[in-house]
1. I need the phi-derived Karplus couplings for the stretch 65-75: 6.51 cos²θ - 1.76 cosθ + 1.60, θ = phi - 60°, integer Hz, Gly and Pro marked x.
2. In whole Hz and in residue order, list the ³J(HN,Hα) couplings for the stretch 45-56 that follow from phi through the Karplus curve 6.51 cos²θ - 1.76 cosθ + 1.60, θ = phi - 60°; x for Gly and Pro.
3. Any idea of the accessible area per residue across the chain, 1.4 Å probe, to the nearest Å²?
4. Need one word for the chain: rounded, prolate or oblate. Basis is the Cα gyration tensor (sqrt eigenvalues a ≥ b ≥ c); a/c below 1.5 gives rounded, then a/b vs b/c decides.
5. Which one of Gly34, Ala62, Ser83 has its Cα pushed farthest toward the positive end of the charge dipole of the chain, where Lys and Arg give +1 and Asp and Glu give -1 at the Cβ?
6. Do any GluC sites (Glu not before Pro) in the stretch 29-115 lie in a DSSP loop with no more than 16 other beta carbon atoms within 10 Å, and if so, which?
7. If the chain between Glu45 and Tyr104 were fully stretched, how many nm would it gain, using 0.36 nm times the residue separation less the Cα-Cα distance?
8. Whenever you get a sec, compute what percent of the accessible area on the stretch 1-76 sits on carbon and sulfur atoms (1.4 Å probe).
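The values are calculated or read from the model by the stated rules, or taken from the named source; none is laboratory data. None of the values given here were measured: they were computed from a predicted structure. Cβ placement follows ideal geometry from the backbone for every residue including glycine, while neighbour counts extend to all protein chains displayed. Accessible surface areas use protein heavy atoms only, side chains included; no ligands, DNA or RNA. Shrake-Rupley method; radii C 1.70, N 1.55, O 1.52, S 1.80 Å.
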Amino acid sequence: VQLQASGGGLVQAGESLTLSCAVSPNTFRFSIMGWYRQAPGKQRELVATITNGGRTNYADSAEARFTISKDSAKNTWSLRMNSLKPEDTGVYYCNSVASWGTPYWGQGTLVTVSS
(Lines give C-alpha, C1' and ligand atoms only; values in the text may rest on other atoms or scores of the structure.)
Protein backbone atom coordinates (compact mmCIF):
# COMPACT_ATOMS: atom_id res chain seq x y z
CA VAL A 1 0.00 0.00 0.00
CA GLN A 2 1.37 3.39 -0.98
CA LEU A 3 0.15 6.82 -0.01
CA GLN A 4 0.93 9.77 -2.27
CA ALA A 5 0.64 13.27 -0.84
CA SER A 6 0.44 16.29 -3.11
CA GLY A 7 -0.49 19.96 -3.10
CA GLY A 8 2.28 21.55 -1.09
CA GLY A 9 4.00 24.72 -2.15
CA LEU A 10 5.13 28.20 -1.25
CA VAL A 11 2.44 30.66 -0.23
CA GLN A 12 2.22 33.94 1.63
CA ALA A 13 0.70 34.29 5.05
CA GLY A 14 -3.08 34.47 4.86
CA GLU A 15 -3.33 32.40 1.69
CA SER A 16 -4.76 28.91 1.29
CA LEU A 17 -3.60 25.51 0.12
CA THR A 18 -5.25 22.16 -0.31
CA LEU A 19 -3.31 18.97 0.23
CA SER A 20 -4.47 15.66 -1.14
CA CYS A 21 -3.58 12.07 -0.42
CA ALA A 22 -4.16 9.21 -2.83
CA VAL A 23 -3.87 5.51 -2.10
CA SER A 24 -2.49 2.78 -4.28
CA PRO A 25 -4.18 0.39 -4.71
CA ASN A 26 -7.25 2.59 -4.32
CA THR A 27 -9.36 -0.35 -3.24
CA PHE A 28 -7.57 -0.43 0.11
CA ARG A 29 -9.73 0.91 2.91
CA PHE A 30 -8.71 2.48 6.20
CA SER A 31 -10.32 3.16 9.54
CA ILE A 32 -8.63 6.50 10.08
CA MET A 33 -7.05 8.95 7.64
CA GLY A 34 -5.12 12.00 8.59
CA TRP A 35 -2.43 14.58 8.20
CA TYR A 36 0.66 15.20 10.27
CA ARG A 37 3.32 17.81 9.87
CA GLN A 38 6.93 18.17 10.85
CA ALA A 39 8.31 21.66 11.21
CA PRO A 40 12.06 22.24 10.91
CA GLY A 41 13.78 21.05 14.05
CA LYS A 42 10.58 19.71 15.61
CA GLN A 43 8.86 16.39 16.00
CA ARG A 44 6.09 15.25 13.75
CA GLU A 45 2.72 16.31 15.11
CA LEU A 46 -0.90 15.60 14.41
CA VAL A 47 -2.78 18.14 12.32
CA ALA A 48 -6.13 16.47 11.63
CA THR A 49 -7.77 13.08 11.29
CA ILE A 50 -11.01 11.76 9.89
CA THR A 51 -12.51 8.36 10.50
CA ASN A 52 -14.16 6.16 7.95
CA GLY A 53 -17.43 7.27 9.50
CA GLY A 54 -16.61 10.95 9.02
CA ARG A 55 -15.66 11.93 12.55
CA THR A 56 -12.97 14.59 12.53
CA ASN A 57 -10.32 15.64 15.01
CA TYR A 58 -8.04 18.67 14.82
CA ALA A 59 -5.01 19.97 16.59
CA ASP A 60 -5.72 23.20 18.42
CA SER A 61 -3.53 25.06 15.93
CA ALA A 62 -5.60 23.76 13.02
CA GLU A 63 -9.06 24.16 14.50
CA ALA A 64 -11.19 26.74 12.64
CA ARG A 65 -8.60 27.21 9.85
CA PHE A 66 -8.14 23.73 8.41
CA THR A 67 -10.71 21.27 7.13
CA ILE A 68 -10.09 17.60 6.54
CA SER A 69 -12.36 15.73 4.20
CA LYS A 70 -12.49 12.44 2.35
CA ASP A 71 -13.81 11.13 -0.92
CA SER A 72 -14.73 7.55 -0.25
CA ALA A 73 -15.48 6.84 -3.91
CA LYS A 74 -11.97 7.85 -4.94
CA ASN A 75 -10.36 6.70 -1.69
CA THR A 76 -8.64 10.04 -1.22
CA TRP A 77 -8.59 12.57 1.55
CA SER A 78 -7.71 16.22 1.61
CA LEU A 79 -6.70 18.99 3.95
CA ARG A 80 -7.92 22.47 3.11
CA MET A 81 -5.74 25.00 4.88
CA ASN A 82 -6.97 28.59 5.11
CA SER A 83 -5.38 31.65 6.66
CA LEU A 84 -1.97 30.03 6.62
CA LYS A 85 0.65 31.31 9.04
CA PRO A 86 4.44 31.07 8.91
CA GLU A 87 4.27 28.61 11.81
CA ASP A 88 2.31 26.25 9.57
CA THR A 89 5.49 25.71 7.57
CA GLY A 90 6.67 22.12 7.47
CA VAL A 91 6.51 18.82 5.68
CA TYR A 92 2.99 17.47 5.70
CA TYR A 93 2.52 13.72 5.74
CA CYS A 94 -0.65 11.89 5.01
CA ASN A 95 -1.30 8.98 7.28
CA SER A 96 -3.79 6.20 7.50
CA VAL A 97 -4.55 3.36 9.83
CA ALA A 98 -5.93 0.05 8.65
CA SER A 99 -8.77 -1.60 10.52
CA TRP A 100 -6.27 -4.01 12.09
CA GLY A 101 -4.12 -1.17 13.35
CA THR A 102 -1.26 -0.97 10.87
CA PRO A 103 -0.28 2.65 10.10
CA TYR A 104 0.77 3.80 6.66
CA TRP A 105 2.61 7.00 5.73
CA GLY A 106 2.96 9.03 2.59
CA GLN A 107 6.25 10.58 1.52
CA GLY A 108 5.38 14.12 2.63
CA THR A 109 4.76 17.35 0.82
CA LEU A 110 6.45 20.61 1.77
CA VAL A 111 4.40 23.63 2.74
CA THR A 112 6.23 26.90 3.14
CA VAL A 113 4.41 29.98 4.37
CA SER A 114 6.25 33.25 4.04
CA SER A 115 5.48 36.26 6.20
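1. Values per residue, Gly and Pro as x: 10, 10, 9, 9, 8, 9, 10, 5, 5, 9, 6 Hz.
2. With the stated coefficients, the stretch 45-56 comes to 9, 5, 10, 6, 9, 9, 8, 4, x, x, 6, 10 Hz.
3. About 53 Å² of surface per residue is accessible.
4. Prolate, since a/c reaches 1.5 and a/b exceeds b/c.
5. Gly34
6. Glu63
7. Using 0.36 nm per residue and subtracting the Cα-Cα distance, I get 19.7 nm.
8. 45 percent
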